[in-house]
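**Q** The structure's right below; bear with me while I get my questions together.
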Amino acid sequence: KINIEINGEKIIVPEGITVLEASHELGVKIPTLCHLDLKDLQLYNKTASCRVCMVESIDPRNDNKRLVPSCVTKVYEGMVIKTDSVNAITARRMAVELLLSNHPNECFTCPKNLECELQALAEELNVREIRWEGERMDYPKDVSSDAIVKDANKCIYCRRCETGCNEVQTCGILSGIGRGFDAFVGPAFNMPMVETSCTYCGQCVQVCPTAALTEMFHTDKVWEALNDPDKHVIVQTAPAIRVALGELFGMEAGTIVTGKMVSALKRMGFDGVFDTDFGADLTIMEEASELIYRLENNKTLPILTNCCPAWVKFIEHQFPELIHVPSTCKSPHIMFGTIAKTYYAEKNKLDPDNIVVVSIMPCIAKKAEAKRPELTKDEKNNVDIVVTTRELGAMIKEAGIKFDALPDSEFDSPLGETTGASVIFGTAGGVIEAAVRTAYEWMTGEELEDVEFEQLRGMDGLRKASVLIGDKELKIGIASGLGNARIILEEIREGISEYDAIEIMACPGGCIGGGGQPYHHGNREVIKKRKDAIYDEDRRKKIRKSHENPEIIKLYEEYLGKPFGEKAHKLLHTHFEE
Ligand code: HC0
Ligand code: SF4
């Protein structure tokens with residue numbers, strides 16, 4: 001422990017911490033911009049490039065004053081720090097002014113308006129003029145991918161995206177380009193995003209403080225469909241939306257807003273408000289069957305879940321020789337789209353060509369997934385429009401709906417009937433837990449009384465556990481974050497994998513931490529609160545095993561036949577080609 005002084009107050013702090021950390025202990029706020037310290041997401045950006053956290057440090061031995069970046073400067077015995085001196089305040093304000101001098105003046109129309117960390121800093125630091133008006137960067141926007149938009153003119157070179165992409169996701173797409181005034185972060189040779197190995201996981205978007213990286217917006221397409229009298233427009237909401245959407249309306253992270261969300265969607269005019277959780281229950285019917293088939297017939301093990309499209313892109317680009325290992329199941333929202341345009345269309349005497357399926361997803365990669373050639377080639381695109389949680393929030397605001405005053409409503413039937421097993425898909429470890437709940441009963445013929453598998457839960461990005469199913473010990477691996485997925489895939493490639501089944505999600509924490517979710521703005525508690533809410537929602541459900549969903553049972557009886565049977569294969573499975 002050492003003694004230091006901050007703004008005239010003496011405190012004792014642990015040795016080795018930074019001035020920024022020491023100031024937190026005293027409750028003094030120093031603004032930051034490039035800095036990220038997110039243990040749960042394994043994301044640490046300590047580039048000290050923005051100079052927004054400057055403070056004045058005074059050496060007590062000689063009274064020397066220096067301006068230092070507090071995020072990387074370590075405290076030492078006797079150190080005197082002033083965060084509120086004129087020098088410190090002026091330095092911080094000037095750092096922001098300099099960033100703004102080369103930043104587009106388009107806050108009114110910017111997709112990050114009121115969510116932008118640079119804008120918030122300008123307000124917080126009382127910036128009232130930009131004294132250095134002059135040349136600005138002028139790069140064209142990259143809209144090549146139809147999933148992620150890159151606007152280099154808004155890049156402030158904080159390198160948070162680069163750290164997220166390279167160190168957490170190990171994708172290596174983004175790095176510093178150019179020098180001096182024209183420098184920005186982007187793909188090598190400034191290639192269009194669509195030509196890179198980008199997985200569209202959106203973790204770069206999630207941490208970008210400005211709008212240099214955002215999702216491609218598709219809200220206008222939804223409004224157009226809703227206003228077309230010839231179209232039957234239905235919507236499905238992913239498991240992770242219900243524990244995050246409230247944040248866009250000032251609610252605490254982890255507030256469960258399922259009922260309000262359904263009411264909002266009904267008011268927006270959808271002809272049916274359904275749940276991706278129905279698709280998730282259906283996925284479990286197929287995936288648990290596939291797992292049992294592979295176990296009983298000595299087929300490829302481990303089986304890998306494949307409902308995360310960013311993870312599928314990752315294996316295609318980085319481990320193409322392993323592409324036969326993942327399950328062949330389509331992802332839940334695509335299964336939902338298929339069932340909507342077949343079973344649901346027939347039941348309601350609707351022309352599938354007139355049905356528009358909208359998916360509300362916490363994910364940017366789902367936008368690209370819905371356009372994959374093997375999902376669109378033989379039949380009409382099963383999901384027509386994908387919008388993120390953030391886009392849904394924007395639409396609710398556009399429609400003038402007072403979200404917090406809405407009553408609760410129930411999803412429509414039949415594609416809105418769901419179980420606790422399907423809601424836990426939204427958090428890392430949930431898909432495999434849902435599969436185990438069903439596989440256990442199918443393999444043993446016994447009732448599973450305690451459905452909660454604590455050993456499959458947690459915040460670590462890489463977990464291993466085993467579950468006893470009768471006399472079979474099922475070895476399970478769970479990875480969230482593509483860097484963790486890489487470790488698991490390398491073991492499979494080397495033939496040293498010990499697992500029978502592996503769940504992989506591209507985003508740290510799973511879909512609750514998706515690239516399309518409300519921005520967490522570096523708050524490490526957000527993901528944990530959303531996770532806890534997901535498990536609460538599971539506990540509140542009467543039915544907690546996918547194979548007990550009565551509408552799923554009916555769907556097989558009336559239409560699909562046997563799980564993993566011929567018709568189910570034709571409609572619900574796919575093979576990846578790229
Ligand atoms: Fe997920 Fe999904 S759980 S990927 O994490 O499997 O995005 O929430 O919708 O499709 O169900 C995301 C979340 C989904 C799908 C489901 C899966
Ligand atoms: Fe990297 Fe994911 Fe961003 Fe693509 S979407 S650039 S893979 S972080």
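The values are calculated or read from the model by the stated rules, or taken from the named source; none is laboratory data. Model, not experiment: these values are computed from the prediction. Note that we place each Cβ from the backbone using ideal geometry, even for glycine, and neighbour counts take in every protein chain shown.
**Q** Which ranges mark the helices (runs of 4 or more DSSP H) fully within the range 288-406 that have 3 or more residues being at pLDDT 95 or above and closer than 30 Å to Leu482 by Cα?
**A** 309-318, 332-339, 365-369, 389-398
**Q** Of a type in the set (Ser, Thr, Tyr), modelled with pLDDT under 95 and either touching a strand residue (DSSP E or B) at 6+ places or on another chain (Cβ under 7 Å) or crowded, with 20+ Cβ neighbours inside 10 Å (or both): does that describe Tyr157?
**A** Yes; evaluated as a whole, the condition is true for this residue.
**Q** If you go through the range 443-458, how many residues are of a type outside the set (Ser, Thr, Tyr) and touching a strand residue (DSSP E or B) at 6+ places or on another chain (Cβ under 7 Å)?
**A** Matching residues across the range 443-458 total 4.
**Q** Which condition breaks for Glu290 when tested against (1) surrounded by fewer than 19 Cβ atoms within 10 Å (Cβ to Cβ); (2) over 27 Å from Gly515 (Cβ atoms); (3) not β-branched (Val, Ile, Thr)?
**A** In the conditions (1) surrounded by fewer than 19 Cβ atoms within 10 Å (Cβ to Cβ); (2) over 27 Å from Gly515 (Cβ atoms); (3) not β-branched (Val, Ile, Thr), Glu290 misses (1) alone.
Each row is one residue, and each column tells you yes or no for (1) of a type outside the set (Lys, Arg); (2) more than 24 Å from Gly176 (Cα to Cα); (3) over 27 Å from the mean Cα position of the chain (by Cα).
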residue: Ile30; (1), (2), (3): yes, yes, yes
residue: Leu36; (1), (2), (3): yes, no, no
residue: Lys39; (1), (2), (3): no, yes, no
residue: Asn45; (1), (2), (3): yes, no, no
residue: Met54; (1), (2), (3): yes, no, yes
residue: Pro69; (1), (2), (3): yes, no, yes
residue: Val72; (1), (2), (3): yes, no, yes
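**Q** Next question, about the same structure. If I ask for residues that are β-branched (Val, Ile, Thr) and within 16 Å of ligand 1 (Cβ to nearest atom), which ones from the range 134-154 would you list?
**A** Scanning the range 134-154 gives a single hit, Ile148.
**Q** Say we look at the range 169-194 and pick out the residues that are buried (at least 19 other Cβ atoms within 10 Å of the Cβ) and modelled with pLDDT under 95; which of these is farthest from ligand 2 (Cβ to nearest atom)?
**A** Phe184
**Q** Among Lys260, Lys313, which is the only one that is of a type in the set (D, E, K, R), crowded, with 23+ Cβ neighbours inside 10 Å and touching a Ser or Thr at 6+ places or on another chain (Cβ under 7 Å)?
**A** Answer to the selection: Lys313.
**Q** Give me a count of the residues in the range 76-96 that are among the charged types (D, E, K, R) and either at pLDDT below 95 or part of a loop (DSSP other than H, G, I, E, B) (or both).
**A** 2
**Q** Residues that are buried (at least 20 other Cβ atoms within 10 Å of the Cβ) and at pLDDT 90 or above, at least 2 per element: which strands (runs of 3 or more DSSP E) completely within the range 1-54 meet that?
**A** Fully inside the range 1-54 and qualifying: 2-6.
**Q** Go through the residues of the range 211-231 one by one and say whether even a single one is of a type in the set (A, V, I, L, M), surrounded by 24 or more Cβ atoms within 10 Å (Cβ to Cβ), under 21 Å from Ile478 (Cβ atoms) and at pLDDT 95 or above.
**A** No, that holds for no residue.
**Q** Counting only residues that are surrounded by 24 or more Cβ atoms within 10 Å (Cβ to Cβ) and away from ligand 2 (no atom under 16 Å from the Cβ), how many does the range 484-517 have?
**A** 4
**Q** Can you find a residue in the range 220-236 that is free of Cβ contacts under 8 Å to residues at least 12 places away in the same chain, closer than 21 Å to Phe564 by Cα, more than 16 Å from ligand 2 (Cβ to nearest atom) and out of contact with any helix residue (DSSP H, G or I) (no Cβ under 9 Å at 6 or more places or on another chain)?
**A** There is no residue in the range 220-236 that is free of Cβ contacts under 8 Å to residues at least 12 places away in the same chain, closer than 21 Å to Phe564 by Cα, more than 16 Å from ligand 2 (Cβ to nearest atom) and out of contact with any helix residue (DSSP H, G or I) (no Cβ under 9 Å at 6 or more places or on another chain).
**Q** State all residues of the range 97-115 that are without any contact (Cβ under 8 Å) to a residue 24 or more places away in the chain and either of a type outside the set (Ser, Thr, Tyr) or in a strand (DSSP E or B) (or both); if no residue qualifies, say none.
**A** Those that are without any contact (Cβ under 8 Å) to a residue 24 or more places away in the chain and either of a type outside the set (Ser, Thr, Tyr) or in a strand (DSSP E or B) (or both): Asn105, Glu106, Cys107, Phe108, Asn113, Leu114.
**Q** Would you say Asp59 is within 27 Å of Lys10 (Cβ to Cβ) and either touching a residue at least 60 places away in the same chain (Cβ under 8 Å) or crowded, with 19+ Cβ neighbours inside 10 Å (or both)?
**A** So Asp59 does not fit the description; no.
**Q** Looking at Val205, is it in contact (Cβ under 8 Å) with a residue 12 or more places away in the chain, within 17 Å of the chain's Cα centre (by Cα) and crowded, with 19+ Cβ neighbours inside 10 Å?
**A** Yes.
**Q** List the pairs whose first member sits in the range 76-89 and is farther than 19 Å from Asn62 by Cα and touching a residue at least 60 places away in the same chain (Cβ under 8 Å), whose second member is part of a strand (DSSP E or B) and of a type outside the set (Asp, Glu), and whose Cβ atoms are under 6 Å apart, counting only residues at least 6 apart or on separate chains?
**A** Once the first residue is farther than 19 Å from Asn62 by Cα and touching a residue at least 60 places away in the same chain (Cβ under 8 Å) and sits in the range 76-89, its partners that are part of a strand (DSSP E or B) and of a type outside the set (Asp, Glu) give Thr83/Val55.
**Q** What residue, of Lys341, Lys402, is without any contact (Cβ under 8 Å) to a residue 12 or more places away in the chain and either closer than 22 Å to Gly513 by Cβ or among the charged types (D, E, K, R) (or both)?
**A** Lys402
**Q** Residues being within 15 Å of Ile502 (Cβ to Cβ), over 18 Å from the mean Cα position of the chain (by Cα) and β-branched (Val, Ile, Thr): count how many of those fall in the range 456-480.
**A** 2
**Q** Restricting the search to the range 298-351, which residues are within 16 Å of ligand 1 (Cβ to nearest atom) and hydroxyl-bearing (Ser, Thr, Tyr)?
**A** Listed by number, the residues that qualify are Thr305, Ser327, Thr328, Ser331, Thr338.
**Q** Of the conditions (1) more than 21 Å from Lys545 (Cα to Cα); (2) touching a helix residue (DSSP H, G or I) at 6+ places or on another chain (Cβ under 9 Å); (3) basic (Lys, Arg), Arg242 satisfies every one except a single condition; which number is it?
**A** Tallying (1) more than 21 Å from Lys545 (Cα to Cα); (2) touching a helix residue (DSSP H, G or I) at 6+ places or on another chain (Cβ under 9 Å); (3) basic (Lys, Arg), Arg242 fails exactly one: (1).
**Q** While we're on this one: State whether one or more residues within the range 323-333 are surrounded by fewer than 24 Cβ atoms within 10 Å (Cβ to Cβ) and within 16 Å of ligand 2 (Cβ to nearest atom).
**A** no
**Q** So is Cys165 part of a helix (DSSP H, G or I), at negative phi and within 11 Å of ligand 2 (Cβ to nearest atom) or not?
**A** Considered against the rule, which asks whether it is part of a helix (DSSP H, G or I), at negative phi and within 11 Å of ligand 2 (Cβ to nearest atom), Cys165 comes out as yes.
**Q** Consider Glu446 against the criteria (1) under 25 Å from Glu290 (Cβ atoms); (2) buried (at least 20 other Cβ atoms within 10 Å of the Cβ): it satisfies all of them except one. Which criterion is unmet?
**A** The single condition Glu446 does not satisfy is (2).
**Q** Within the range 339-371, restricting attention to residues that are within 16 Å of ligand 2 (Cβ to nearest atom) and not hydrophobic (A, V, I, L, M, F, W, C), which residue is nearest to Asp275 (Cα to Cα)?
**A** Ranking the qualifying residues of the range 339-371, first place goes to Pro362.
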